[in-house]
Every structure is written in C-alpha cells, then in structure tokens.
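Worksheet: the structure to be examined is printed underneath.
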Amino acid sequence: MDNKEIASIFNQIAELLEIKQDNPFKIRAYQRAARNLESLSVDLTDVYRSGGLKALQEIPGIGHDLSLKIEEYLKTGKIASQKALAREFPKGILELINIPGMGPKTAQLLYKKLGIDSLNKLKMAAQAGKLQHLPGMGEKKEANILRGIGFKEASHGRFLLDDATVHAAMIVEELEKLKEAKKILPCGSLRRGQETVGDLDILVISDKPKPIMDKFVSLKLVKSVLAHGETKSAIVMHNGMQADLRVVPAKSFGAAAHYFTGSKGHNIHIRQLAQKKGWKVSEYGIFDAKGRQIGGQTEEEMFSKFGLQYIPPELREMRGEFTAAAAGKIPRLIELGDIRGDLHMHTTATDGENSLEEMAKAAKHLAYEYILITDHTQSTRVAHGLDAGKSSANLHKIKLAAKNISGIRLLAGAEIDILPDGSLDLPGEIIKQLDLAVLAVHSNFKMPREQMTARIIKAMQRLPGSILAHPTGRLLGEREAYAVDLNAVIKAAAKYRCILEVNAHPKRLDLTDFYCRAAKAAGVKIAISTDAHATDQLGLMKYGVITARRGWLEKQDVVNTWPLAKLQRVCGF
DNA sequence: GCCGTTTTCGGCCCGACTGTTTTCAGTCG
C-alpha cells in the first residue's frame with residue numbers, strides 16, 4: 001500500500017524543512033498531510049484512479065501542491081523535491097533529530113559547529129565533552145543527549161497491545177494505593193486500541209499531584225526518570241517502554257482524558273473547532289473568550305459542546321469520525337459482551353496445550369454459547385497437523401464430546417491449510433462432516449502477490465461459506481504480511497459468502513482495522529477469533545474486539561455475536 | 001503548504017518540563 005510510503009516521504013520532507021528552519025507552518029502542513037495519509041481508510045491508488053487530482057484534494061490536508069506530489073509518486077515511485085531536499089544535507093542528519101531530546105535546532109547547531117552528521121560522530125563528540133561548550137548547551141544537555149542515544153539503541157520501538165495493557169495495569173495498581181488518586185485512566189494509543197503501542201499515557205485525577213508524581217517516578221518498574229514535574233512526569237521502564245503521567249483536577253477530567261487519548265490529528269481538529277467559535281480547548285477544559293470554563297468535566301462534553309455525537313476512542317483517528325458525528329452517524333460499536341462464541345481454537349489433538357474438554361470448560365466460564373474446534377491439517381507439520389484419517393477420528397471425538405458436555409455447544413471444525421495451488425488440505429468427504437471450516441495459509445509465504453491472491457480466492461471458491469483465518473499471515477514484530485491483494489480477497493469473500501477473520505492474538509490482529517471497514521462496506525461478515533492454543537488464550541478476545549471497533553464494526557457485522565441458530569442458518573450447518 | 005457560512009490573504013492547537021538563562025528557547029506530546 002502506497003499510503004504509508006507517501007506519508008513517510010512527507011514526514012521526511014517535514015524533518016528536512018525543520019533542519020533548514022523553513023516556514024514552520026509549511027512544516028506542519030507536511031506533518032498534517034502525513035498523519036492524515038497514515039490513517040486514511042482508503043487506498044490512495046484507488047482515490048487517484050477514481051477521481052484524479054481533484055479526488056486527492058478532498059483528503060484533509062492535501063491541497064494543490066501535495067496532490068501533485070502524490071500523483072508524481074504514484075506514477076514514478078518517487079518525489080523529486082524530496083530527493084533534492086535530501087541532497088542538501090548529509091544522510092545521517094535525519095537520524096540525529098530522531099534522538100529523544102534532540103531536535104532540528106540542536107542538530108543544525110552541531111552540524112554547523114562541529115560537522116556532526118551521524119549518530120556515531122555525535123556519540124564520540126558527546127563522550128569527549130565537546131558539546132557542552134557550544135552556545136545554549138551545557139553539561140546536562142550533553143549528558144541528556146548521551147542518554148537519548150542510549151535510549152534509542154535500547155528502545156524496542158513499539159510494543160504489542162497486550163504487553164502495553166499489562167504494564168499499564170501494573171502502574172494503575174500501584175497508583176490506586178494512593179488516597180490522593182481519585183481516578184486513574186490509561187489513555188493514548190492503548191486506549192484507542194492501536195495494534196502496537198509506543199508509550200503509555202496515564203491520566204490521574206487529583207487535587208494533590210505531588211505524592212502521585214513522587215510515587216510514579218519511584219516505582220519498582222522504573223529504570224530511569226526522563227522528567228519529574230509538578231503535574232507531568234515521564235519514566236522509562238525496564239522493558240524499554242516509556243510511560244507518561246499527567247495529573248489534573250476533577251473539573252478537567254473530560255478535557256484531559258480527551259487530550260491524552262488523542263490521536264494528535266483528532267485533538268488538533270477539536271481545538272480548531274473551538275477556535276472558530278472563539279473558544280479555546282486545552283487539557284484543562286473548554287474555555288470561552290473570557291477564559292471561563294464552559295465544558296470539559298466529562299469527555300462527552302468535549303463533543304456535545306460542538307454539536308457532535310460522542311466519538312469512542314477507537315474512532316479518534318481522523319478517518320471521518322467528525323463528519324459521522326456531526327451527522328449522528330457514529331456506529332454503535334461491537335462490545336466484548338456481545339461475543340457469544342469463539343470460532344478458532346486448537347486442542348492437544350494438534351498443537352494446543354489443553355484438551356477438548358478443558359477448552360470447553362474454559363469457554364463456558366466466559367458464558368459462551370458455542371465454540372468451534374479447529375485443529376490443523378496434515379500440511380502444517382510443525383503443528384502436528386492431522387491427516388485425513390486422524391482428522392476424521394478427531395471430528396467423531398468432538399461430536400461425541402458435544403453430546404456429553406452441557407451448557408455449551410461444541411462445533412466440529414478444522415483449520416484447513418490452503419495449499420500453494422489453492423487446493424485444500426483435506427478430502428471433500430471429510431470437509432462435508434465439518435460444521436464450519438476455517439481456511440488458512442501456513443506455507444510458501446514468499447509467493448508473488450498475484451499468485452497468493454489467486455491461491456486464496458481459489459480456496460474460498462472451493463468452499464463457500466467458510467472462514468478465512470488471519471488473512472495476511474503477519475506476526476507483528478516478527479514476520480511481514482505476505483503479499484496479497486486484500487481488496488480482491490474482500491471482493492471474492494462477498495461473492496462466495498466467506499467470512500473474514502479478525503485474529504485476536506496480539507501478534508496478529510489481522511484483518512486489520514483498515515480492512516475491517518473495507519470488508520463491512522463490501523457486505524462481508526467478520527469472525528473475531530482467538531486462535532487459542534491454551535485455555536487462558538481464550539481471554540485474548542478483547543484485543544480482537546478492539547480491532548473490530550477500530551474498523552467501525554457493529555454487533556451485526558460479526559458472526560460470533562449471533563445466536564447459534566442464526567449462525568447455523570446463515571452458514572448452513 | 002493548507003484553508004475559508006466572517007477571509008482567496010493571513011491566519012495556522014495548546015501547554016508542560018528542562019536547561020541555560022535571568023525571561024526564554026528547544027523539545028515533547
């Protein structure tokens with residue numbers, strides 16, 4: 001997809017213009033355009049194909065000039081002005097301004113005065129104490145830069161959603177012990193449910209910030225303290241994750257929660273709406289022209305004051321949420337409590353850790369009505385996949401167990417490998433015995449995009465009404481998605497009544513939010529499944545649900561919110 | 001460079017923390 005690529009080029013142009021100390025508003029224009037492209041819910045190629053430059057200019061932040069640059073990229077694969085700009089500076093200078101604590105001004109100073117144009121040169125100069133004598137610099141700044149380099153080298157970049165969730169909970173648990181903390185809310189990209197989280201943003205409501213700040217910076221999980229102020233502190237934890245804490249009074253709760261949740265683009269938009277009314281929005285509230293607070297105690301007010309419907313955190317990505325909210329068209333998003341079953345899980349028959357009975361019992365605890373048991377087929381050897389005979393025996397076993405287990409309906413399924421030629425790794429007569437089939441690619445990930453797309457579509461065509469599991473095969477932080485034309489897959493899913501899976505495992509979260517929305521628009525139904533390999537993994541469902549929420553999905557879009565009877569009727573078993 | 005039921009020119013989100021200053025610049029979110 002070109003959206004991210006172009007966004008990255010615009011960001012790079014912004015960085016270069018910053019070093020050049022160009023017009024700051026021009027820089028912001030590039031940054032804003034990049035942000036909007038990153039979160040765009042349509043493919044730029046499609047936008048351009050459908051309406052040319054004019055259609056591109058309908059994207060917020062894209063005007064005459066930038067639409068031409070996008071066109072240039074789509075046609076030639078590069079943007080000449082970026083190349084020209086990059087030639088004005090040594091290559092390494094961009095990595096300098098990405099060091100925490102270093103910005104364009106400092107980078108420029110160090111380049112001009114000391115000829116520093118790489119991370120390595122910077123490190124050596126700082127260690128030799130050459131930075132502290134420059135104007136505006138000092139011992140502490142030099143030490144800070146060295147720390148920033150260390151932080152960057154040790155930094156893990158982004159963290160998985162469950163990792164971030166667990167660490168946020170650990171901080172919340174400690175802060176809750178303080179009587180001064182009236183309310184604690186993890187915000188930021190974690191609250192918006194982004195697939196990975198860069199850092200934690202935790203909001204605390206209190207009239208006495210000091211004890212909270214002091215406790216926060218001295219928690220056991222703190223590796224180093226980046227900032228320790230009266231109402232705002234920042235720390236780095238032992239796992240390399242950064243956490244920011246902010247304390248505001250109760251009357252500012254809504255405004256602060258909104259501000260701290262983001263996204264950045266969403267926040268800026270609200271503040272611009274306020275400006276137009278002659279008001280001001282900050283993390284402390286909504287204020288009129290005379291500086292009186294007229295809203296912001298609750299988060300609902302942050303929208304209602306502007307005549308907008310409440311926008312759930314997962315939708316605050318500048319993907320059309322303001323237009324929808326103004327028109328009263330914010331969907332009623334699916335909730336974890338809507339889930340009635342799990343349609344993808346493994347048992348000891350293949351690579352699961354728990355037996356059929358144990359999985360059923362755990363699912364009953366979650367008050368599920370049904371589960372689909374989906375052990376692997378023979379091609380997936382690493383997972384001890386079952387051949388035709390063993391698959392058949394396993395199905396009998398599931399059906400027998402279904403009769404003996406009360407309170408939950410066990411459905412007999414299989415996770416059938418889609419072989420490289422698009423055929424299925426289980427004979428037709430055994431497939432017939434399944435209640436519901438899950439199809440998945442587990443091999444030959446390196447196929448060319450056209451072949452992979454054809455392979456998957458062929459499999460769906462062979463087995464209409466099945467579920468396509470983890471449609472891109474990605475493992476966040478480990479393995480790239482295989483090349484596949486998901487728009488074509490979605491189209492085929494609509495044609496063959498196939499269901500697309502949102503795999504709830506924090507490493508997968510695939511389908512992504514972006515394509516959930518595309519699937520919905522195409523009338524394709526979604527299954528949110530955990531792919532659990534042990535009883536405790538059934539609890540990962542919440543991450544799938546939040547991804548579906550980010551894809552604007554409602555209860556009726558997700559098949560495993562349906563009662564069993566409806567699922568049987570629609571899927572025909 | 002974008003944008004406009006006040007404007008096609010003149011605006012452009014808002015505030016905290018740090019360090020080097022002695023009133024503020026740079027950076028961050």
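Only the coordinates and a few stated rules stand behind these numbers; no lab work does. Computed from a predicted structure; not experimentally measured. FYI the Cβ positions are ideal-geometry reconstructions off the backbone, even for glycines, and counts take in every protein chain you see.
A few notes on this one:
- Neighbour-count ranking [beta-carbon atoms within 10 angstrom, fewest first] of A:LEU53, A:LEU436, A:LEU511: A:LEU53, A:LEU436, A:LEU511
- Per-residue [θ]222 nm for chain A (sum of -39500 (n - 2.57) over DSSP H runs n ≥ 4, rounded to 500): -13000 deg cm²/dmol
- As a proxy for reagent exposure, ranking A:VAL558, A:VAL222 by other Cβ atoms within 10 Å from fewest up yields A:VAL222, A:VAL558.
- Pairs from A:LYS83/A:LYS130; A:LYS26/A:LYS69; A:LYS364/A:LYS555; A:LYS361/A:LYS542 whose Cα-Cα separation, in the structure shown, is over 23 Å: A:LYS83/A:LYS130
- Angle between chain A longest axis and helix A:104-114 axis [Cα atoms, degrees, rounded to 10]: 60
- Take every DSSP beta bridge whose two residues both sit in chain A; close to 45 percent of them are antiparallel.
- Net charge of Cβ neighbours under 11 Å - reference A:ALA234; Lys, Arg +1; Asp, Glu -1: -1
- Annotation for the range A:472-545: GluC sites (Glu not before Pro) lying in DSSP loop with at most 13 further Cβ atoms inside 10 Å of their Cβ are A:GLU478, A:GLU480.
- Built amide H within the under 5 Å cut-off of A:GLY295, gap 5+: A:ILE286
- Take every Cα pair under 8 Å whose residues are at least 6 apart in sequence, average their separation, divide by the length of the range A:496-573, and the relative contact order is 33 percent.
- The GluC sites (Glu not before Pro) found in the range A:322-391 include none that occupy coil by DSSP while having at most 10 further C-beta atoms within 10 Å.
- For the range A:296-373 versus the range A:519-544, the spacing of their alpha-carbon centroids is 9 Å.
- Fewest neighbouring Cβ atoms within 10 Å first, the residues A:LEU540, A:LEU463 line up as A:LEU463, A:LEU540.
- Here the 3J(HN,Hα) profile of the range A:556-573, calculated from phi with Karplus coefficients 6.51, -1.76 and 1.60 at θ = phi - 60°, is 5, 7, 10, 5, 8, 9, 6, x, 3, 4, 5, 4, 5, 5, 5, 8, x, 9 Hz, Gly and Pro shown as x.
- For the range A:162-198 versus the range A:99-118, the gap between their alpha-carbon centres in whole angstrom: 35
- For the pair the range A:1-47 / the range A:50-91, the C-alpha centres are spaced 9 Å from each other.
- Cα Rg, Dmax, chain A, angstrom units: 26.2, 80
- Among the trypsin sites (Lys or Arg not before Pro) within the range A:92-181, those in coil by DSSP and having at most 15 neighbouring Cβ atoms inside 10 Å are A:LYS177, A:LYS179.
- Percentage relative contact order, chain A, counting C-alpha pairs under 8 Å, at least six apart: 9
- Mean separation of Cα contacts under 8 Å, 6 or more apart, over the residue count of the range A:82-161: relative contact order %: 30
- Relative to the dominant Cα principal axis of chain A, helix A:356-365 is inclined by about 60°.
- When the C-alpha to C-alpha distance is required to be over 28 Å, the pairs from A:LYS232/A:LYS280; A:LYS4/A:LYS251; A:LYS183/A:LYS277; A:LYS4/A:LYS75 that qualify are A:LYS4/A:LYS251; A:LYS183/A:LYS277.
- Using alpha-carbon coordinates, inclination of helix A:449-462 to the longest axis of chain A, degrees: 40
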